[in-house]
1. Can you give the relative contact order of the chain as a percent, counting alpha carbon pairs under 8 Å and 6+ residues apart?
2. Give me, ordered by chain and number, the residues 5 or more places off residue 73 or on other chains with an amide H under 5 Å from its own placed amide H.
3. With each pseudo-label sitting 7 Å past Cα toward Cβ, what's the residue 261-residue 156 distance in nm, one decimal?
4. Short version: ³J(HN,Hα) in whole Hz for each residue of the range 157-163, in order, from phi by Karplus 6.51 cos²θ - 1.76 cosθ + 1.60 (θ = phi - 60°), x for Gly and Pro, what are they?
5. Over the range 100-206, what is the relative contact order in percent, taking alpha-carbon pairs closer than 8 angstrom and at least six residues apart?
6. What is the sum of charges around residue 362, taking Lys and Arg as +1, Asp and Glu as -1, for the other residues whose C-beta is under 10 Å from the C-beta of residue 362?
7. Using a cut-off of under 20 Å, list every residue of the range 139-182 whose amide N is near the label point 7 Å from the Cα of residue 203 along the Cα-to-beta-carbon line.
8. Say we join alpha carbon atoms closer than 10 Å with springs in a Gaussian network model of the chain; which of 262, 100, 62 then has the biggest fluctuation?
Amino acid sequence: MSELLGLTPTARYGDGAADDTAGDTAGGARGGALHLSAILPAASAAIGHPIGTAVHHDPAALQRALGLPDATSAIVVLVDGLGYWNLAMRLGHAPYLRSLMNETANQRPIATCAPSTTVAAMATFGTGTCPGLTGMAGYTQLNPVTGKLSQLIQFTDAIPPSDLQRQPTVFERLALRDVRVTSCGLPKFKDSPLTEAALRGPAYIGGVTPRDRLLAACESAKTPGLTYLYIRDADKIGHSYGWDSDKWIGVFERIDAQLAALKRNAPRGTLIVVTADHGMIMADPEQRIDIAEEPQLSRGVRVVGGEPRALMLYAEEDEPAGDIAHRWRERLGGLALVRTRDEAIAQGLFGPVDDRVRPMLGDVLVAAGESVTIVDSRTQSDKATHLPSVHGSQSMMESDIPCLIDVA
Ligand SMILES: [Zn+2]
């Protein structure tokens, strides 16, 4: 487990087979084609309508690297919060997913984006690009228009979705070519700001129950094209009860049954890809650090954004980012990876970065290690600072995701 909590090398964006700087990490290389951003471009190539993006110019190469067979119809399923190692460690509860993981081609994690969190990952997935271009870089981030923190699940105090996120989605671009594109999800997410920002373009079918949604996905797949199916509950239950809880296992078993039913009911020959936006770790209450109680950490910091595993610190005027980073490194030592924005961008953490996105990213970026969470009780709710399971950082548990391939 300590290896799975170790921070992985920063995954690169591009069309290459993988990033060999990550080659000595368990499970092999990650990044390049083996990345969340590659899935929809690769799927578009698999259905014969290749869509390149600002970071992926060769969708056919992505399709080959990920091992997606050609098909007239594809269903891409995103299971929120189901990291590769969360899945691998609970396979005994999931006969269908176990059968997929028995295939050699599926026995390799791919990387999600940094931070490994829903809003950043959904936009990375939907556009086939990166947070540096989508402007969606954290659960909360600075809104440069107001100078205040915005929250990007509900878009509270945020720049409007289509103005913040200006990259075309793969769905939009397929629809422009008259390819059928369908999204199956909860009715309440149909017009949500997060959907509009990250996943706009498809015809949306809202289904009340998980079974309604998977049957809608199977029905849509009768027409050639691309279907997206979203499954929420592993993340939701993980945050509330911990991913090691019996409740999580119960949800995981139901998700496995839903995916097996998806395969049974999908038209023969439909390509099925199962992926996730991020994994999860158990937070250790003994390793919770509260910025409110540590003057060395709060000094010079005007606003704390991001989330407890991936913080974005916005400096007070005239406070050098390097000084804040120095104080945080002194306090945290090996418990976190602390980088200034310039260092993080130079390492490719957010992929290529638009000038307009730069001020949204923190002046200092902190990726928590081990089971550490770093909270701020001055501004965050008691519930938010005590979640049993969390994600956002660069550990294998959080940033390694599955890309499981099946054909109905
Ligand atoms: Zn998520």
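The values are calculated or read from the model by the stated rules, or taken from the named source; none is laboratory data. Quick caveat: nothing in here was measured; it's all calculated off a predicted structure. Positions of Cβ are backbone-derived with ideal geometry, glycine not excepted, and every protein chain shown enters the neighbour counts. Remember, those area values only see protein heavy atoms, side chains included, never the ligands or the DNA or RNA. Shrake-Rupley method; radii C 1.70, N 1.55, O 1.52, S 1.80 Å.
1. It rounds to 24 percent for the chain.
2. Close amide H contacts, sequence-distant or interchain: 225, 271.
3. Placing both labels 7 Å along Cα→Cβ, they lie 3.4 nm apart.
4. Computed from phi, the couplings for the range 157-163 are 6, 9, 5, x, x, 7, 8 Hz.
5. For the range 100-206, the relative contact order is 23 percent.
6. +1
7. What the label zone holds, given the 20 Å backbone N cut-off, is 169-182.
8. Result: 100 has the largest fluctuation of those listed.
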